[in-house]
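Since the structure comes first, as structure tokens, the remarks are kept for the end.
Just so you know, all these numbers are worked out from the coordinates, no wet-lab data involved. Not measured: the values here are computed from a predicted model. Every residue, glycine as well, gets a Cβ built from its backbone with ideal geometry; the counts of neighbours run over all protein chains shown.
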Amino acid sequence: MVLEVRKPRPLWEILFSTHHTDIGLLYIIFSITLFFLGGALAISIRTELFLPGAQLFDDSNTFHRVFTVHGTTMLFLWVIPFAAGIGNYLIPIMVRYKDMAWPKLNAVAFWMLPVGAALVWLGFADTGWTAYPPYSILRAPGPAAEMWIFGLKILGISSILGAINFVVTILRMKHPDLPMMKLPLFTWAILSTSLILLMSMPTFTAALIMLYTDRLGVSGFFNPAMGGDPIAYQHLFWFTFHPEVYVFVIPAIGVIYEIIPKFSRKPIFSYTSGITAFILLTIVSFASWAHHMFATGMSFSEKTVFMIGTLAAVPASAMHIFNWIATMWGGRIRFRAPIAFVVGGIILFFLAGAGGVVNSAMPLDFLTHDSYWVVGHMHLFLMGIITFAFVGFIFYLFPLITGRMYNERAAMVQFWLMFIGVSLVFITQHLLGLYGMPRRVFDYVPVEPLITMNQISTVGAYILLVAMGIFLFNLIKSAGWGKPANMEDPFGIQEKYYDYRRREPHH
Amino acid sequence: MGHGTLEWVYVGVVVAVLIYIGADAWNVERFLDDAPEEAEVVKVTGQQWFWTFEHEDGRRELGELHLVKDVPYRFEVTSLDVIHSFNTPDFATMIDAVPGRINSIWYVPDQAGEFLIQCREYCGFSHYQMRAKLFVEEPPGGAEQGAQVTNASATTTNDLIPPLGAAAVAS
Amino acid sequence: MVSYSALILILVAVAVLTLLGVDSAVFGQETTQRYLSARIEIWALFYRLMVVAFVIGAVVMGTMTYVVWRFRESHPKNRADITPAAGGAHH
């Protein structure tokens with residue numbers, strides 16, 4: 001279903017549609033919008049930290065609210081919905097079915113997102129996106145914290161519904177002539193993601209209810225004054241959110257598997273090792289949650305177990321990197337924007353992974369944990385590989401969605417600005433962490449290395465701002481006035497493009 | 001088919017590197033985990049938004065901690081309200097202060113001078129300035145008095161200096 | 001079966017080297033100093049791992065740069081038209 005921006009279908013037809021391309025479109029537009037909003041918050045954070053002392057905000061309270069909403073937005077309203085959006089677009093095409101298994105459920109899952117987003121943004125809580133008790137149950141001001149809890153609850157249910165739909169569509173609705181081992185790796189990626197979500201999300205959903213009743217004061221699960229244990233929340237939280245890291249990254253890996261072979265004009269180097277690595281990641285993602293908690297006073301043996309569990313996830317990720325490089329090796333790579341973003345993403349992925357191994361090595365955790373090192377590390381994942389792969393994929397899907405081509409030159413300028421910006425912001429933050437700057441601080445000790453590095457980091461953030469301005473302009477301009485794309489082969493790479501002749505939605 | 005062999009060798013190399021990293025980290029942590037028995041106990045309490053310290057002999061300090069160089073200390077860390085994190089970047093030590101439980105960590109201050117203690121777990125309004133000063137003094141009569149004085153005056157500034165990784169490792 | 005034996009050989013070699021290196025380092029520490037200093041041990045470990053990370057990083061980045069440079073479409077050796085893989089055979 002090609003979206004004609006200048007001769008659009010009536011808005012209500014898209015909004016009330018249950019067709020997978022329409023839901024996918026809504027997901028994608030929604031997530032990109034929230035990505036820009038969350039990015040605006042990030043710019044305000046970096047502006048505040050440009051110099052020591054209060055710069056932009058009057059007090060630390062607003063600052064704390066801003067970083068909480070920034071984190072929540074980027075994770076739950078950008079990365080997850082975007083993956084769901086491209087999944088909606090492509091999974092039915094890839095498994096050769098007319099729609100998702102349950103179109104109405106699909107629409108329900110999407111329409112829960114704006115509700116959750118409204119709760120998070122109107123509440124503007126200050127708990128940090130992790131909402132550790134006892135702070136979140138005793139000291140965090142309401143009703144913001146309650147709204148955050150309900151917002152996250154709704155977002156969690158939405159992603160569970162979406163995940164059920166994907167699993168059933170892939171496993172049950174796939175064309176009978178199409179064996180599992182012939183499905184594109186992107187389908188496997190969405191399948192792994194959905195399975196991880198289904199297994200991990202209920203834990204956090206339960207923890208949120210406990211958090212809420214604790215806030216009401218009727219229970220004391222996490223309140224030490226009532227015999228509860230705040231560390232229990234951290235276990236429940238990270239049992240969901242360490243696997244969630246893979247929920248964020250696996251769709252990006254799937255996207256890279258879509259882009260690399262097409263632009264290198266070579267089949268994937270090893271399809272089976274890609275699948276093996278996905279399955280390994282799915283399993284191993286559940287073996288490492290407590291490496292986020294080494295500093296909470298864990299025993300030596302607990303730490304050892306979780307360090308091994310964490311290191312065990314590395315070979316699978318390394319297999320993916322190997323697969324990508326080996327696929328490109330010997331190919332004829334046409335460097336259009338999608339593969340440029342993917343290659344940049346792989347480079348940043350390696351940096352992020354190396355930093356992650358350092359985090360998990362037990363004694364070093366006390367150097368890096370809760371410092372800016374961790375901030376830089378996790379942003380290299382989220383902004384580096386995930387956002388790079390997703391932005392590349394937005395350009396790759398652009399002809400499918402709009403029927404027009406984006407501006408290639410603007411996209412490449414955006415790529416270089418983003419690559420430089422991300423490196424400046426987040427690699428510098430690793431160093432800040434080694435100098436001992438804690439994360440989530442409104443102000444820092446005004447000494448030379450900290451000031452300089454914060455300034456480098458902020459300058460990088462402004463470069464990203466420029467890149468995002470170009471991106472937004474490119475998207476809007478090209479959607480309306482771009483060159484009409486050759487829909488059989490929009491990138492001129494003699495490779496098959498997605499089937500754009502989907503049935504008109506009229507459920 | 002070169003596929004299988006090449007990939008197995010590659011995975012083997014990755015696994016080997018990971019084994020090295022894991023073994024090295026495990027080995028270091030094993031030696032750092034247990035405090036020596038003769039270590040002096042300092043009780044550390046975090047509250048929104050300051051630190052209090054209680055020495056073995058009952059001396060209490062607020063926002064400042066005086067230690068003696070080359071003496072092992074074990075810190076028993078707890079909190080009275082929300083989770084804080086007791087962090088001394090210059091000595092690469094950090095442990096969460098969790099209400100309702102006592103976590104311990106130890107180190108031997110092996111440099112004299114003035115250092116920064118800070119909170120490293122988000123704890124609300126004044127988290128960013130929940131700091132304390134750590135003074136490490138030369139053992140009485142142990143070191144030359146002159147050297148100690150010049151050293152102290154050189155570092156007497158209002159702002160505590162965050163650690164410099166290279167300087168820390170060069171010593 | 002070359003693959004498995006290669007794997008095992010590498011594993012054994014590295015494990016042995018690790019134990020040797022690590023043991024000497026720790027005993028070296030204990031003879032010169034009465035207490036281990038967390039600061040020194042942790043930073044030393046950090047720099048050891050950084051050496052590993054930067055070596056691997058150099059290899060990965062080097063390979064990546066080479067691939068991107070050599071197999072780009074506009075590279076002289078790539079000008080000759082190769083027939084694309086039959087039917088774009090992606091699984």
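Below is a table of values for the structure above.
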| read-out | value |
| --- | --- |
| Rounded Å value of the spacing that divides the Cα centres of segment B:1-52 and segment A:10-48 | 41 Å |
| For chain A, with +1 on Lys and Arg beta carbons and -1 on Asp and Glu, the positive-most of A:18, A:189, A:77 along the dipole | A:18 |
| 19 Å reach of a label modelled at residue A:62, 7 Å along Cα-to-Cβ, counting backbone N of segment B:105-131 | B:124-129 |
| Anchor residue A:153: aspartates and glutamates whose Cα lies under 16 Å away (excluding residues fewer than 8 positions away in-chain) | A:214, A:244 |
| Proximal lysines to residue A:98, defined as alpha-carbon separation beneath 26 angstrom and excluding residues fewer than eight positions away on the same chain | A:7, A:174, A:182, A:262, A:496 |
| Cut-off under 5 Å, modelled amide H: who pairs with residue B:116 long-range | B:90, B:134 |
| Length added when fully stretched, residue A:199-residue A:335, from 0.36 nm per residue minus Cα-Cα | 45.1 nm |
| Calculated FRET efficiency for the pair residue B:5/residue C:59, C-beta based, R₀ 22 Å, to 0.05 | 0.70 |
| Segment A:441-486 versus segment A:66-119: alpha-carbon centroid distance in Å | 25 Å |
| Estimated FRET transfer efficiency (residue A:124, residue A:301; beta-carbon r; R0 41 Å; 0.05) | 0.50 |
| Under the Karplus curve 6.51 cos²θ - 1.76 cosθ + 1.60, θ = phi - 60°, whole-Hz ³J(HN,Hα) for segment B:48-60, x wherever Gly or Pro sits | 5, 9, 8, 10, 10, 10, 10, 7, 4, 7, x, 5, 10 |
| Relative contact order for chain A, counting Cα pairs under 8 Å that sit 6 or more residues apart, in percent | 17 percent |
| Dipole of segment A:1-142, positive end: most advanced residue of A:86, A:57, A:129 [Cβ charges, Cα centre] | A:86 |
| Computed lengthening from residue A:499 to residue A:455, 0.36 nm per intervening residue step minus Cα-Cα distance | 11.1 nm |
| Amide H contacts of residue A:404 (H built 1.01 Å from N, under 5 Å, at least 5 apart or other chain) | A:485 |
| Distant-in-sequence amide H partners of residue B:85 (H built 1.01 Å from N, under 5 Å) | B:97, B:120, B:121 |
| Convex hull volume of the protein assembly as shown per residue (C-alpha atoms, cubic angstrom) | 163 Å³ |
| Hz values of 3J(HN,Hα) by residue in segment A:185-199 - Karplus curve (6.51, -1.76, 1.60), Gly and Pro given as x | 5, 4, 5, 4, 4, 5, 5, 4, 4, 5, 5, 4, 4, 4, 7 |
| Summed side-chain charge close to residue A:297 - residues other than residue A:297 whose Cβ falls under 9 Å, Lys, Arg +1, Asp, Glu -1 | 0 |
| Unit charges on C-beta of K, R, D, E only; dipole of segment A:11-481, Debye | 1540 debye |
| In order through segment A:162-175: 3J(HN,Hα) via Karplus (6.51 cos²θ - 1.76 cosθ + 1.60), integer Hz, x for Gly, Pro | x, 5, 4, 4, 5, 4, 5, 4, 6, 7, 9, 9, 5, 4 |
